[in-house]
Amino acid sequence: MKNRQNWLLIKIGGIAFTSLAIFYLTYSGIKADLIHGYYLLTLILQVMITWEGFLLFLQYLDKKIHWNDALIKRLLYQIIGGTFVVLFVFTVIQFMIYPIDKFILSRHRLHGYWDFDIIICFLLAIIIQLIYVIYYFYIHWANNNIRKEFISRIGNRQKVILEDEILCFYTENKTVFAITENKDKHILDLSLEKIIDEVNSLDFFKANRQYIVRKSCIKEINKEPNNRLSIITECESLIPESIIISRKNTPTFRKWFHHTQK
């Protein structure tokens, strides 16, 4: 959840920075009037839609080429493809705004677009790519290198449990439990969504809405109907013997398990 909040702040900051940068570099003699206010407002909407197009492209890449599977290939596809997506979406919207400009202002902003504005957009697209890549690797490093601890409630007492001791997390009757290597169950005041954001993504995987399992805890993987998988863990005496990997998560699980087995 914290990572999502950080990414939301970066997204908002990126939209604001990109909009103001393009506005400042594109227009001269900026004044606090309705015309420049209209230009800035439509530019912000243009950048917001362009950013969403960029994020959809990233979601597509996450499914096709994961960072952990092919780093160089992913980096090249993202920088080249992401830059193209940003320029394409931004340009299409620019032409869609053309009739609105003509109707409201009896003028348009396409003059000089191919000579100057497109170059500015290209440079900003590269900057956005670099910001995203730096942020991704920082989060990846922070998640995988900072030693994490969880607080368990035992009556009125609290106990510190290290991430390295935990085999799996699961929820039951709206209560979240952690099972440790000595097969003890501990109650946590965290949701599975919060936990999966905190633990090492190379070691832990969210199998479905109820379970997060550690790679080293998995004893057996079985095929199930409808292209699903099930796993048997070392915690089978405390939780159901077979845990179903949701159909949506199965392709990601295959990639995750294959990578972490290398």
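The values are calculated or read from the model by the stated rules, or taken from the named source; none is laboratory data. What you are looking at is a predicted structure, and each value in this text was computed from that prediction instead of being measured. Cβ atoms come from the backbone with ideal geometry, glycine included; neighbour counts cover every protein chain shown. These accessible areas exclude ligands, DNA and RNA; they are computed on the full protein's heavy atoms, side chains included. Shrake-Rupley method; radii C 1.70, N 1.55, O 1.52, S 1.80 Å.
For the reader, a short list of remarks on this structure follows.
- Accessible area of the chain belonging to carbon and sulfur atoms, whole % at 1.4 Å probe: 62
- Using alpha-carbon coordinates, inclination of helix 118-145 to the longest axis of the chain, degrees: 20
- Potential extension, L87-L130 segment - 0.36 nm per residue separation minus Cα distance: 13.9 nm
- Along the axis of the charge dipole computed for region 120-262 (Cβ charges of +1 for Lys and Arg, -1 for Asp and Glu, origin at the Cα centre), the listed residues C235, T250, I120 are led at the positive end by I120.
- Here the spin labels are modelled as points 7 Å beyond Cα on the Cα-Cβ line, and at Y98 and S191 they lie 4.6 nm apart.
- Only Lys, Arg (+1) and Asp, Glu (-1) charged, at Cβ; region 6-100 dipole about Cα centre in debye: 200
- Ranked order, F205, F95 - accessible area, probe 1.4 Å, largest first: F95, F205
- Compared with the dominant principal axis of the Cα atoms in the chain, helix 71-105 is inclined by about 40°.
- For K255 and L162, the difference between the fully extended length at 0.36 nm per residue and the C-alpha to C-alpha distance is 30.8 nm.
- Counting only protein heavy atoms and a 1.4 Å probe, the chain has 59 square angstrom of accessible area per residue.
- Sorting S237, S152, S242 by solvent-accessible area of protein heavy atoms yields S237, S242, S152, largest first, with a 1.4 Å probe.
- Helix axis angle, 2-26 relative to the chain longest principal axis, alpha carbon, degrees: 10
- Region 192-240 - charge dipole about Cα centre, Lys and Arg +1 at Cβ, Asp and Glu -1, debye rounded to 20: 140
- The stretch between Y38 and Y77 holds 10.5 nm of extra length on full extension. This uses 0.36 nm per residue minus the Cα-Cα distance.
- Set against the labelled values (i) 46; (ii) 23; (iii) 29, percent of Cα pairs over 30 Å apart computed from this structure falls on (i).
- For the chain, the longest site-free run once GluC sites (Glu not before Pro) in DSSP loop states with at most 15 other Cβ atoms within 10 Å are removed: 1-180
- Taking all protein chains as they are arranged and a probe of 1.4 Å, the heavy atoms of F57 leave approximately 40 Å² accessible to solvent.
- Dipole magnitude for the chain: computed about the Cα centre from +1 point charges on Lys and Arg Cβ and -1 point charges on Asp and Glu Cβ, it is near 300 debye.
- Between K73, K174, K11, the residue with the greatest mean-square fluctuation in the GNM of the chain (Cα pairs under 10 Å linked by springs) is K174.
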